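Reviewing the structure listed below.
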Amino acid sequence: MNDTNRDPAARGRLIGVLTALIILWPLFQAAQVQPGALFDPGNLKVIGNFLAAFLPPEAGHEFLGYLGIATMETLAIATAGMVLAFLLAVPLAYLATAAGREKSALNPFTRGLLTILRGIPELVWALVFVRVFGLGPAAGVLALGLTYGGMLAKVYAEIFESVDAMPARALRHGGANRVLAILYGLLPQASKELASYTVYRWECAIRASVVMGFVGAGGLGQLMDQAMKMLNGGEAASILLAFMVLVFSADGLSGWLRRAIDIPPSGRASPFGWRSLLVVLSLIGGITASFSLLELGFGELFTEDAARGISEFIVGFFPPDFSATWLARVGQGVWETLAISIVGTLLAAAVGLLLALPRSRAPFSFLLNTLRSVPELVWATITALAVGLGPFAGALALALHTAGVLGRLYAEALANAPQQPALALRLSGAGSSRAFLYGTLPGAAPQLIAYTLYRWEMNIRMAAILGFVGAGGLGQLLYFELSLFHYAQASTVIIAMLALSIAVDQSSAWLRQRMR
Amino acid sequence: MTLSSLRRCALKGALACALASALSVPAIAADAVLRVSAIPDEAPTELQRKFAPLGKYLEAQTGMKVLFTPVSDYAAVVESLATRKIDLAWLGGFTFVQAKIRTNGTAIPIVQREEDAKFTSKFITADPAIKSLADLKGKTFAFGAPSSTSGSLMPRFFLQQAGLNPEKDFKNVAFSGAHDATVAFVTAGKADAGVLNASVWDKLVEARKVDTDKVRVFATTPPYFDYNWTVRGDLDPLIVKKLTDAFLKLDPKNPEHAEIMQLQRASKFIPTKKENYESIEKAAHSAGLLK
């Protein structure tokens, strides 16, 4: 190869790749990556049999009855959980946001509380609440309420800070107090974004409430857990179909609602059009139906007995077990969880990029949507059949779901990247692969990397709980210790999960800043 | 449409609902209702099917309405008994010990099946290379639920006596959650070997739900005390007596009773006492499952 054809940045890139490999090698080791196991004929046969049993989906009368009830329950848990989250988020956002204050003093205590609420996965809250409130969906509702309350509050606070502060400032100078300044100065500007984000979160809550069923919080997840454990393919297929229908209709509904917000107000000065009236009525109807379906006995939470039970339960978590032997076990779990999240995200990035490249989008969009709509915990059951139980199954499960998410985002980013550099290269005689590598990719890279890092932040939380289905890491440790009522040990694991997710958030933010 | 008014309405509606649901709390454990649950050592649907005729029988014998709540978590049953959300529970030996500790020794075991006094666990595999417990080194292994007696505690205890530490010697340890799930795990090759309770294994073999050409038993534990029916300590002694008598009266010669006993896989119910489970408690301590 002569000098003119050489990539001038070749040496730097090579060194970069080698360094990355040296850093990543131990992680691949910890995740027990064995690609060979994927193609083992025995394993392939087992998966084949399981997937073959998906057809026909179970349609027995009794089973469909269970399925209908479970679907309603999942919907109700998500809705009731969002109501709780909203009630929690409004005051917390008010306390946390700098909006409407004379000096932009953040409230570090509230912000810290929000970090803790968000940092512990809802599945962990659910697992803990199942113990306190025993049987039924109350645990799921509360878990969703707390985690999503934390998320909503943070985003509400940021939305209020991001809109034009002048109207609120003017109101305050005119003598209005902070509440009024926010209500009349900021809310009108922010309302669209606030509503849109809340509806989007409701959609996420439906997915999450399915997952929480895996720890006994009721709904579709509980049925799915049973079917998957028993490797009952027909039932699994029916449940998965019901789940997809639910997710897609929630997707459609929330899309319609968000578009409806954009419709300009009518000329007539009436506060209620038929559309808003319909929305309000169905909102009230939906919430009432949710609460009555679940028969949530929140009153039980406020009896003296319950208070004693809850306080005893919480006291059991203190002090956490910080003995050297236990810390070593937890440390190992942290390392394994980190490895699962990183290997899973990297594999997903590679597969996602490959699937984002082809020009004819339709079949690939379908593939990506399918990958994305199956939750990680379900993928883990299937990958565990493929490669046996262990961290590699967890990493593969993360990779499959995340590849669906990233592939879609990558395709959009590549389509939006500036076309001129690639065009210029093509015109000066470069082949299409070079034009892509040196023309299109550099323009899209910051966006691609930002998406990948953002997904990694979510995957570390998911990796921490994949252990519930036997993928190792912190999740399995937590499930085991909670089952045995070893609360001091479980407490250490929860603290480790929280610390890990905060550390990943921080390093991902740092990396994104460096990449800019 | 004005969103702020929409949001205000939504908020009011939500508050109203939250209040309404808080006020209309169903009364807990009214006197005429007997709340029953069971550790989910098999699929919850199977547990419900098994319990249905027994529930009717207990209703007739005690004159109370019997409500069975299936759950998917062992510890939730123990916690519900301790917080008096249920009155009667079908517990394993180890979950009974946990319940005894969490209720400060007040939970009372009333009866058990004759079979439970000398219960065993079966180690199963589909791997021709595994012939003894020692061959399990470096393999993946499936227990049942972590707090199962026959699917976790006692096998762990006997493995320990054979010089094996599951966390160190096995490649991966998984918890299938239930005995029938363990068989599914091993059959599918998801785990190289597993362990489950002898009673469920026999039932699956009789019902031909397991391919015995493929999956075989390669070791059995020595006998120990397992399952019992336990009541919470502050249940009316009169009801406790009625329940105990109802179980002890079950007679396999009576065709109606025979159905119940066959579903419960019991040849006969016998009285039991706390002392029977002291050896389980010791095993749990030495296996590190109790601290």
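Using only helices, what value at 222 nm comes out for the protein assembly as shown when you add -39,500 (n - 2.57) per DSSP H run of length 4 or more and divide by the total residues, to the nearest 500 deg cm²/dmol?
-21000 deg cm²/dmol
So what is the relative contact order of chain A, in percent, for Cα pairs below 8 Å that sit 6 or more residues apart?
Details: 685 pairs, mean separation 91.8, N = 516.
Worked out over chain A, it gives 18 percent.
Set the Förster radius R0 to 35 Å, insert the Cβ-Cβ distance between B:LYS249 and A:ILE69 as r into 1/(1 + (r/R0)^6), and round the FRET efficiency to 0.05. Present the calculation step by step, with values, prior to reporting the outcome.
Details: r = 36 Å, r/R0 = 1.03.
Calculated transfer efficiency: 0.45.
Quick one: compute the contact order of the range A:56-315, relative version, from alpha carbon pairs under 8 angstrom and 6+ residues apart, as a percent.
Values: 320 pairs, mean separation 73.2, N = 260.
Relative contact order here is 28 percent.
Going by the alpha-carbon gyration tensor, a ≥ b ≥ c the square roots of its eigenvalues, is the range A:436-516 rounded (a/c under 1.5) or, if a/c is not under 1.5, prolate (a/b greater than b/c) versus oblate?
prolate
For the range A:56-315, what are the per-bin percents of Cα-Cα distances with bins 10 Å wide, up to the bin holding the maximum?
Percent of Cα pairs in each bin: 7, 25, 30, 23, 11, 3, 1.
Give the interface area between chains A and B as buried accessible surface, both sides summed, probe 1.4 Å, in Å² to the nearest 100.
Working: alone 26670 and 14410 Å², together 36000 Å².
Buried area between the two chains comes out at roughly 5100 Å².
What aspartates and glutamates sit close enough to A:LYS192 to cross-link, taking a C-alpha to C-alpha distance under 20 Å and skipping anything fewer than 8 places away on the same chain?
A:GLU158, A:GLU161, A:ASP164, A:GLU203, A:ASP251, A:ASP262
If I stretch the segment between A:TYR438 and A:ARG308 completely, what's the gain in nm (0.36 nm per residue apart, minus their alpha carbon distance), one decimal?
Gain on extension, A:TYR438 to A:ARG308, equals 40.2 nm.
Using a 1.4 Å probe over the heavy atoms of the protein chains, calculate the carbon and sulfur portion of the accessible area of the protein assembly as shown as a whole percent.
That share works out to 64 percent.
Round to a whole angstrom and tell me the spacing of the C-alpha centers of the range B:266-282 and the range A:386-435.
With the range B:266-282 and the range A:386-435 each reduced to a Cα centre, they are spaced 61 Å.
Between A:MET458 and B:SER286, how many nm apart are label points set 7 Å from Cα along the C-beta direction?
5.0 nm
Which residues in the range A:392-420 have a backbone N closer than 19 Å to a point placed 7 Å from the Cα of A:ARG359 along the Cα-to-Cβ line?
Of the residues in the range A:392-420, A:411-420 have backbone N under 19 Å from the label point off A:ARG359.
Rounded to the nearest 0.05, what FRET efficiency do A:HIS61 and B:PHE218 give with R0 = 56 Å and r taken as the Cβ-Cβ distance? Could you check?
0.85
Rg and Dmax in Å for the protein assembly as shown, alpha carbons only: what are they?
When restricted to Cα atoms, the protein assembly as shown yields Rg and Dmax of 28.7, 98 Å.
Using Cα-Cα distances under 8 Å and only pairs 6 or more residues apart, what relative contact order does the range B:25-175 have, in percent?
Value for the range B:25-175: 21 percent.
What nm distance separates the two modelled labels at A:ALA52 and B:HIS257, each placed 7 Å from Cα along Cα→Cβ?
4.8 nm
Of B:LYS65/B:LYS273; B:LYS122/B:LYS282; B:LYS65/B:LYS274; B:LYS190/B:LYS214; A:LYS45/B:LYS139, which pairs sit farther than 24 Å apart, going by alpha carbon to alpha carbon?
The pairs that break the limit, which is 24 Å between Cα atoms, are B:LYS65/B:LYS273; B:LYS65/B:LYS274.
Label B:ASN104 and B:LYS118 with points 7 Å out from Cα along Cα→Cβ: what is the distance between them in nm?
Output for this residue pair reads 3.9 nm.
Return the FRET efficiency for the residue pair A:VAL90, A:PHE322: r is the Cβ-Cβ distance, R0 is 45 Å, and the value is rounded to the nearest 0.05.
After rounding, the FRET efficiency stands at 0.75.
For the protein assembly as shown, report the accessible area per residue in Å² (1.4 Å probe, heavy atoms, rounded to an integer).
On the way: 36000 Å² over 807 residues.
I get 45 Å² per residue for the protein assembly as shown.
Cα to Cα, under 20 Å, and not fewer than 8 places away if on the same chain: which aspartates and glutamates meet these conditions relative to B:LYS253?
B:GLU114, B:GLU115, B:ASP245
Would you work out if chain B is rounded, prolate or oblate? Take a ≥ b ≥ c from the square roots of the eigenvalues of the alpha-carbon gyration tensor; rounded if a/c is under 1.5, else prolate when a/b is larger than b/c, oblate otherwise.
oblate
Provide, for q = 0.12 Å⁻¹, the log10 of I(q)/I(0) from a solvent-free Debye sum over equal Cα point scatterers in the range A:306-388.
Debye intensities relative to I(0), on a log10 scale: -0.66.
With N residues in the range A:137-263, what two-decimal value do you get for its Cα radius of gyration over 2.2 N^0.38 Å?
Details: Rg = 20.0 Å, N = 127, 2.2 N^0.38 = 13.9 Å.
The value comes to 1.44.
Which shape class applies to the range B:77-163: rounded if a/c is under 1.5, otherwise prolate when a/b exceeds b/c and oblate if not, where a ≥ b ≥ c are the square roots of the Cα gyration tensor eigenvalues?
Prolate is the answer for the range B:77-163, as a/c is 1.5 or above and a/b outweighs b/c.
The values are calculated or read from the model by the stated rules, or taken from the named source; none is laboratory data. Since the structure is predicted, the reported quantities are computational estimates derived from the model, not experimental observations. Positions of Cβ are generated from backbone atoms using ideal geometry, with glycine treated the same way; all protein chains shown enter the neighbour counts. For the accessible areas, the whole protein counts, side chains as well, though only heavy atoms, and no ligand, DNA or RNA atoms are used. Shrake-Rupley method; radii C 1.70, N 1.55, O 1.52, S 1.80 Å.
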